[in-house]
Amino acid sequence: MITSHAHVPIPSDPVERIRALRVLREAYRRGKKPSLEVTYRTMGGSTCGPYYVARWRRDSRFKHGRTLYLGKPENESVRFVEWLVSLDRGEVLELARHLMRNLRSVLKTLLAEVSDLPYKRARRVLARGLSLAFNARPSESPRIRDLLEELPDRLESFLIRTLGGWPAHYSIHLRKVIRSRKRSLDGRYEIPDVGLELEHWRLRHGT
């Protein structure tokens, strides 16, 4: 088991840290480590990549898998997940539990700082603060859900999106919504309310 976190290849960039934190949060939620996979994208007839993702397949507990985007091979989050998948499952879950305790400490500290700030500034403080979870002192309570419920609605939704990302297969659903609306508008394009569609999707799928 991991006895010291000094050797953990923690990303230095805040955005990369949040990507690593999201991977550990999902590992904690599912009770298993991810696989690191390569993917490519086709844009305008050209193939771009390789890009890396952390992926969990669906199983008996979870009806849907989850894919978290990490980006280009040189990104720090890719190196972090590469190291993570080399560990035993028990070591990964121990590290994930440690980070979740740290995250509670960070959220508890940020709660008092951001509640009265203008939205854009509060969002920046929250995003920056999440990256500090790797350095925070662990906390036993309160639960993360309790802290989220204390945040103003405008900030709670941002924080949940930042930490969780979209569920797997949601992008497929969104494409169907866009195609449907294009047909109903005789070819004219209407951008759907992504947040609202996501909430409808989650209600239907029980996530």
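The values are calculated or read from the model by the stated rules, or taken from the named source; none is laboratory data. None of the values given here were measured: they were computed from a predicted structure. Every residue, glycine as well, gets a Cβ built from its backbone with ideal geometry; the counts of neighbours run over all protein chains shown. We work out accessible area using only protein heavy atoms, side chains counted, and drop any ligands, DNA or RNA first. Shrake-Rupley method; radii C 1.70, N 1.55, O 1.52, S 1.80 Å.
So here's what we get for this one:
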read-out	value
Part-to-part distance (alpha-carbon centres) for region 144-158 and region 99-123, which is given in Å	9
K63 accessible area, 1.4 Å probe, all protein chains in place, Å² to nearest 10	140
Within-12-Å neighbourhood charge of W83 [Cβ basis; K, R +1; D, E -1]	-1
Where region 12-86 is the region considered: accessible area per residue in Å², 1.4 Å probe	55
With every protein chain in place, region 12-86: carbon and sulfur % of accessible area (1.4 Å)	46
Rounded accessible area of S157 (nearest 10 Å², 1.4 Å probe)	50
Across K33/K72; K32/K72; K63/K120, pairs whose alpha-carbon gap is larger than 28 Å	K63/K120
Global form of region 12-86, assessed from the alpha-carbon gyration tensor, a/c cut-off 1.5	oblate
